[in-house]
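**Student:** Before we start, here is the structure in question, set down as structure tokens.
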Amino acid sequence: MLRSMFSAISALNLHQTYMDVVANNLANVNTYGYKASRVTFQDQFSQTLWNGAGPTENLGGINPAQIGLGVRLGAVSPNFTQGMLQNTNRNTDIAIQGDGFFIYNNGITNLYSRDGSLEIDSEGYLVNGSTGTRIQGWMANVVNNIATVDTGMPITALQLPLGATLAQQTQNATLFGNLDSSQSVGYQYPVTLGVYDSLGDLHSVTVEFELTNKATNTWTWTATGTDVSGTGTVSFDTNGQSQTASGTIHIAASSSGGAADFDVTLDMSRLTQLASDTDLSMTYQDGLAAGSFSSFFVTPQTGEIYGVYSNGMQRLIGQLALASFVNPSGLERVGNNMFMVGSNSGDPAVGAAGTGARGTLAAGYLEGSNVDLGQEFTNMIIAQRGFQSSSRVITTSDEMLLELVNLKR
């Protein structure tokens with residue numbers, strides 16, 4: 001009879017553990033990125049009353065007789081199924097669709113999480129909003145004003161360029177308008193353009209058009225201004241449409257400042273020569289004055305981070321890194337929605353979103369908990385009934401022991 005009591009005691013302890021796991025799951029039903037855990041049971045070793053025997057020539061075989069001695073905890077394993085994505089409309093909130101993990105660093109080691117609720121600290125680092133751990137990725141390298149990310153390099157903390165300014169040199173400009181076909185040879189008309197060097201300084205350029213050959217509808221243009229040079233011709237067909245695609249203006253910006261010399265391609269294909277008043281203007285140029293960093297956004301799918309500047313420019317800042325594991329169930333929880341590498345998880349495979357088995361990213365969303373309320377309440381009932389049944393075994397065994405003691409009366 002004592003065997004039944006000890007078996008029931010092991011069941012009481014285990015069903016209390018079962019209830020603890022259910023309670024923790026329900027407590028985290030609204031925790032972003034939380035992954036529910038489940039409990040599995042295993043029977044303990046059994047006491048053998050007699051061994052089995054195989055059949056002989058005259059007798060059949062017999063099975064062994066064993067009495068189980070209780071139950072033990074098999075495993076408490078997390079369930080890494082995808083949680084529902086919840087829209088937050090915050091550009092610092094990022095969710096993973098797939099099997100990857102964000103990588104955070106606490107100054108000592110890397111930690112892994114499905115929680116992408118980020119904030120910007122005073123130094124511009126992207127950090128976990130609850131713990132301040134810095135999210136990891138690759139910073140962009142800028143060469144010749146072109147930013148690129150090398151995902152083969154070691155990962156590092158991602159830092160936004162707070163207070164930085166950025167300008168864009170003019171490379172192309174477009175002229176639009178009409179040159180009066182009724183004018184005589186020697187007629188001149190100037191138009192003033194504004195272009196920017198690599199430092200965002202504005203250079204004033206005057207382009208003067210002169211009718212030089214009325215028979216061939218040819219005009220000569222000359223660019224003048226401080227450190228400005230350039231000349232060429234533009235011709236028109238008998239319908240007054242331009243037959244010249246473009247010309248080149250050279251600005252020697254280095255002679256008066258720290259910017260490099262540069263050329264501007266002047267699109268003249270939209271000019272006309274009709275019997276109408278001359279009226280020319282610049283309709284487009286791709287340079288920008290210096291602008292300060294104002295905000296950023298994360299691209300869907302790949303997790304590239306672009307800075308947005310007050311002058312409308314965008315520049316690649318870096319890219320988020322994700323990690324995947326051969327056995328994510330082997331990760332160890334360390335609190336704050338974080339995991340660390342476990343002995344049976346395997347090493348992290350680090351790469352960009354959208355590659356391997358790491359999944360893709362959704363900016364402006366957070367992943368909700370994957371706790372299934374219906375399943376957890378069912379598990380609660382099962383745990384309660386299991387605990388109740390085991391307690392009844394103890395009560396019944398006690399009554400049987402009482403009857404045994406009372407045999408003496």
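Only the coordinates and a few stated rules stand behind these numbers; no lab work does. These figures come from a predicted structure and were not determined experimentally. So basically every Cβ, Gly included, is an ideal-geometry build from the backbone, and we count neighbours across all protein chains shown.
**Student:** Show me the ranking of peptides 57-70, 328-341, 195-208, 275-288 by mean Cβ neighbours inside 10 Å, starting with the highest.
**Tutor:** Those peptides, ordered most packed to least, come out 195-208, 328-341, 275-288, 57-70.
**Student:** Something else now. Using 1/(1 + (r/R0)^6) with R0 = 35 angstrom and r between the beta carbons of Ser391 and Ser130, what's the FRET efficiency to the nearest 0.05?
**Tutor:** It comes to 0.30.
**Student:** When the chain is fully extended, how far beyond the present Cα-Cα distance does Ser255 get from Trp50, taking 0.36 nm per residue of separation?
**Tutor:** Between Ser255 and Trp50, full extension yields 63.5 nm more.
**Student:** Let me ask something else about it. Roughly how big is region 244-336's charge dipole about its Cα centre, with Cβ charges of +1 (Lys, Arg) and -1 (Asp, Glu), in debye to the nearest 20?
**Tutor:** Computed about the Cα centre, the dipole is about 420 debye.
**Student:** Taking the square root of 5 times each eigenvalue of the Cα gyration tensor, what semi-axes in Å does the equivalent ellipsoid of region 150-196 have, largest first?
**Tutor:** 51, 13, 7
**Student:** Principal axis lengths of region 1-119 from Cα atoms, whole Å, largest first?
**Tutor:** 81, 35, 32 Å, listed from the longest principal axis down.
**Student:** How far is helix 2-27 tilted off the main Cα axis of the chain, in degrees rounded to 10, range 0 to 90?
**Tutor:** 20
**Student:** May I pose another question? Can you give the relative contact order of region 127-195 as a percent, counting alpha carbon pairs under 8 Å and 6+ residues apart?
**Tutor:** 22
**Student:** Show log10 I(q)/I(0) for region 299-342 at q = 0.16, 0.30 Å⁻¹, two decimals, from a solvent-free Debye sum over equal Cα scatterers.
**Tutor:** For region 299-342, the Cα-only Debye profile gives -0.64, -1.01.
**Student:** May I ask which residue of Ile249, Ala259, Asn239 lies farthest towards the positive end of the charge dipole of region 170-286, with charges of +1 (Lys, Arg) and -1 (Asp, Glu) on Cβ and the Cα centre as origin?
**Tutor:** Asn239
**Student:** Could you work out how far helix 373-405 tilts from the main Cα principal axis of the chain, as a 0 to 90 degree angle to the nearest 10?
**Tutor:** The angle comes out at about 20 degrees.
**Student:** Hey, another quick one. So what's region 90-137 giving for Cα Rg divided by 2.2 N^0.38 Å, two decimals?
**Tutor:** 1.08
**Student:** Would you mind calculating the gained length between Ser77 and Phe41 on full extension (0.36 nm times residue separation, minus the Cα-Cα distance), in nm to one decimal?
**Tutor:** Net length gain for the segment: 11.8 nm.
**Student:** How about region 374-408: which trypsin sites (Lys or Arg not before Pro) there are in a DSSP loop, with at most 15 other Cβ atoms within 10 Å of their Cβ?
**Tutor:** In loop regions of region 374-408 (DSSP not H, G, I, E or B), there are no sparsely surrounded trypsin sites (Lys or Arg not before Pro).
**Student:** Between Leu402 and Asn24, take the C-beta separation as r, use R0 = 35 Å, and let me know the FRET efficiency to the nearest 0.05.
**Tutor:** Using R0 = 35 Å, I get an efficiency of 0.35.
**Student:** Return the whole-Å distance between the Cα centroid of region 139-157 and the Cα centroid of region 291-332.
**Tutor:** That distance is 12 Å.
**Student:** Follow-up question, since we're still on this one. No solvent, one uniform scatterer per C-alpha: report log10 I(q)/I(0) for the chain via the Debye equation at q = 0.06, 0.07 1/Å, two decimals.
**Tutor:** -0.51, -0.61
**Student:** Taking 2.2 N^0.38 Å as the expected size of a compact globular protein, what ratio does the Cα radius of gyration of region 362-409 give against it, to two decimals?
**Tutor:** 2.37
**Student:** Same structure again: For the charge dipole of the chain, defined by +1 on Lys and Arg C-beta atoms and -1 on Asp and Glu C-beta atoms about the Cα centroid, which residue among Thr40, Leu373, Gln285 has the Cα displaced farthest towards the positive pole?
**Tutor:** Thr40
**Student:** Next up: In percent, what relative contact order does the chain have, based on Cα pairs under 8 Å that are 6 or more apart in sequence?
**Tutor:** 23
**Student:** Same structure, new question: Can you list residues from other chains, or at least 5 along the same chain, whose modelled amide H is less than 5 Å from the amide H of Gln66?
**Tutor:** Residues meeting the amide H criterion: Leu49.
**Student:** With N denoting the number of residues in region 147-243, provide Rg(C-alpha) divided by 2.2 N^0.38 Å, to two decimal places.
**Tutor:** Scaled against compact globular proteins, the figure is 1.72.
**Student:** How big is region 255-407 on each of its three principal axes, counting only the C-alpha atoms and giving the largest first in Å?
**Tutor:** Computed over region 255-407, the largest-to-smallest principal extents equal 129, 37, 28 Å.
**Student:** Given points 7 Å out from each Cα along the Cα-Cβ axis, report the Asn13 to Met153 separation in nanometres with one decimal.
**Tutor:** A separation of 5.4 nm, rounded to one decimal place.
**Student:** Please name which of Pro78, Ser181, Leu166 has its Cα lying farthest along the dipole of the chain towards the positive end, using unit charges on Cβ (Lys, Arg +1; Asp, Glu -1) and the Cα centre as origin.
**Tutor:** Of the listed residues, the answer is Pro78.
**Student:** So what is the 222 nm mean residue ellipticity for the chain from helices alone, if each DSSP H run of at least 4 adds -39500 (n - 2.57) and you divide by all residues, rounding to the nearest 500 deg cm²/dmol?
**Tutor:** Rounded to the nearest 500, the figure is -5000 deg cm²/dmol.
**Student:** Given a Förster radius of 22 Å and the C-beta distance between Thr248 and Ala275 as r, what FRET efficiency does 1/(1 + (r/R0)^6) yield to the nearest 0.05?
**Tutor:** For Thr248 and Ala275, the calculated efficiency is 0.15.
**Student:** Working out 0.36 nm times the residue gap between Ser204 and Asn178, then minus their Cα-Cα distance, what length gain in nm do you get to one decimal?
**Tutor:** 7.2 nm
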